[in-house]
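Asker: So that we are looking at the same thing, I have put the structure below in structure tokens.
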Amino acid sequence: MDSLLKHMVDMTGHRDHAMLDISVVAAVQELAAATQTRVLSISTIGTRQYVRVRATVSAGGAAHVEDLHDNSTPGEPLDAYPDLAACLARHDTSTEACGPGCTRTLWLPIWFGEKADTCLEIVREAPFPAATIHMVAGIVGVYRNFQNLLDYSERDSLTGLLNRKTFEDQLARMLQCPAEPEPPLPGQLERRCNQGEEKGWLAVVDVDHFKMVNDTFGHLYGDEVLILIANQLQASFRAQDRVFRFGGEEFVVLLRSTTLENARRIIDRFRANVETYRFPQVGRVTVSIGFVSISPYDSPVVTLGHADQALYYAKTHGRNQVCHYNALVEHGLLQTMTSNDTAEFF
């Protein structure tokens, strides 16, 4: 009982999804005497579902988060887990399978209404006693409720997008990528980005003439425009990208590992989707976008500032367009921005 209470206190003391995942696999691993425990993400891309390991712990090892930056594949097809797939199809709360050598695997999907995008997987060498399943189910219930609280605290109340206070942490994780060959020297122009090099990207989106929308149609229609643009953002960007509402009519997108050509194509696809959409009552709305590559040598303040410079250029040179900061600097259309990295931006 003391060990269970200790794990419960540890789980509910975190304000971060990754640390919560680590706590739950560590707790279940010990209390279920398991050989391996994992947190799995379940995602849907098109008509297919995929499984990706989010956190894991094995007997004798330490719990750890899996590499969140490797987004070259969406994970394994759910078809590779037929028992789990059947469990999800039935909307069951758990299912147990017997593998080679009588190894037992227990899956416990974390249901939020009709959707389960997280699952706990527990493997042990012997059958699961009823008391163990009951205890683990209780831990899963606490995990689900606390995960829901974290989700709520990280979301914008109007659009449902991630909010501004989660941005710095997400960007910091993206900065934990392999370093570039060498940082630019002080006073030098930004280096030309290799078209085929995969990087992270930050894009700042601003709704054109949004004050006019509010003044002409009222704030209720203005809010509806923001909600519909948020929907377009979620539909236009990839599952591995992260979309934030920064406040007012401004949004920020973090694109994970892709080339400049793909980043520009994805961002401009969103811009075009907004331009061709007909907003109720309001009609045509457009957006301006500035984007920049994410470098481990730049602080979040500098990175966001560069994207803002590109956005300002787009707004002052016709709107309804996508501008790449690095390209603007290379062509002499922007000057590199100096910034006090110690400024409290967030």
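The values are calculated or read from the model by the stated rules, or taken from the named source; none is laboratory data. Bear in mind the structure is a predicted one, so any value in this text is a computation, not a measurement. Note that we place each Cβ from the backbone using ideal geometry, even for glycine, and neighbour counts take in every protein chain shown. Surface accessibility is based on the protein's heavy atoms, side chains included, excluding ligands, DNA and RNA. Shrake-Rupley method; radii C 1.70, N 1.55, O 1.52, S 1.80 Å.
Asker: What are the residues in the range 74-117 that are assigned to a loop (DSSP other than H, G, I, E, B) and touching a Lys or Arg at 6+ places or on another chain (Cβ under 6 Å), if any?
Answerer: G75
Asker: Turning to a different aspect of this structure: Name every residue in the range 269-281 that is closer than 17 Å to V243 by Cα and either among the aromatic types (F, W, Y) or free of Cβ contacts under 8 Å to residues at least 12 places away in the same chain (or both), in order of residue number.
Answerer: F270, the sole residue that qualifies.
Asker: Please indicate, with yes or no, whether at least one residue in the range 218-238 is within 21 Å of L333 (Cβ to Cβ) and open to solvent by 60 Å² or more (accessible area, probe 1.4 Å).
Answerer: Going through the range 218-238, the residues within 21 Å of L333 (Cβ to Cβ) turn out to be none.
There is no residue in the range 218-238 that is within 21 Å of L333 (Cβ to Cβ) and open to solvent by 60 Å² or more (accessible area, probe 1.4 Å).
Asker: Restricting the first residue to the range 254-268 and requiring it to be in contact (Cβ under 8 Å) with a residue 24 or more places away in the chain, which pairs with a second residue that is basic (K, R) and outside any strand (DSSP E or B) meet a Cβ separation below 9 Å and a spacing of at least six or different chains?
Answerer: From the range 254-268, the pairs are L255/R238; R256/R238; T258/R238; I266/R238.
Asker: Is it the case, given these coordinates, that F291 is under 21 Å from the mean Cα position of the chain (by Cα) and either free of Cβ contacts under 8 Å to residues at least 12 places away in the same chain or not in a helix (DSSP H, G or I) (or both)?
Answerer: Taking the combined requirement at face value, the residue satisfies it.
Asker: Identify all residues within the range 261-287 that are open to solvent by less than 10 Å² (accessible area, probe 1.4 Å) and outside any strand (DSSP E or B); write none if there are none.
Answerer: Scanning the range 261-287 gives A263, I266, I267, F270, V274, V285.
Asker: Name the single residue that is modelled with the lowest pLDDT among those in the range 316-328 being surrounded by 19 or more Cβ atoms within 10 Å (Cβ to Cβ) and part of a helix (DSSP H, G or I).
Answerer: Result: N326.
Asker: Scan (1) open to solvent by 90 Å² or more (accessible area, probe 1.4 Å); (2) at pLDDT 95 or above for the single condition V205 breaks and write down its number.
Answerer: Every condition holds for V205 apart from (1).
Asker: I'm trying to understand the selection: among the residues of the range 15-53, which are open to solvent by less than 60 Å² (accessible area, probe 1.4 Å), within 23 Å of the chain's Cα centre (by Cα) and either over 19 Å from S94 (Cα atoms) or modelled with pLDDT under 80 (or both)?
Answerer: D16, H17, A18, L20, I22, S23
Asker: Let me ask another. Quick one: T12 ticks every box in (1) modelled with pLDDT of 70 or more; (2) surrounded by fewer than 20 Cβ atoms within 10 Å (Cβ to Cβ); (3) touching a Phe, Trp or Tyr at 6+ places or on another chain (Cβ under 7 Å) except a single one, so which number is it?
Answerer: (1)
Asker: Scan the range 110-140 residue by residue and report those that are without any contact (Cβ under 8 Å) to a residue 24 or more places away in the chain and either closer than 22 Å to A89 by Cβ or surrounded by 17 or more Cβ atoms within 10 Å (Cβ to Cβ) (or both).
Answerer: Across the range 110-140, the qualifying residues are G113, E114, K115.
Asker: For the range 288-300, state whether one or more residues are modelled with pLDDT under 90, under 30 Å from V225 (Cα atoms) and open to solvent by 10 Å² or more (accessible area, probe 1.4 Å).
Answerer: Yes: one or more hits.
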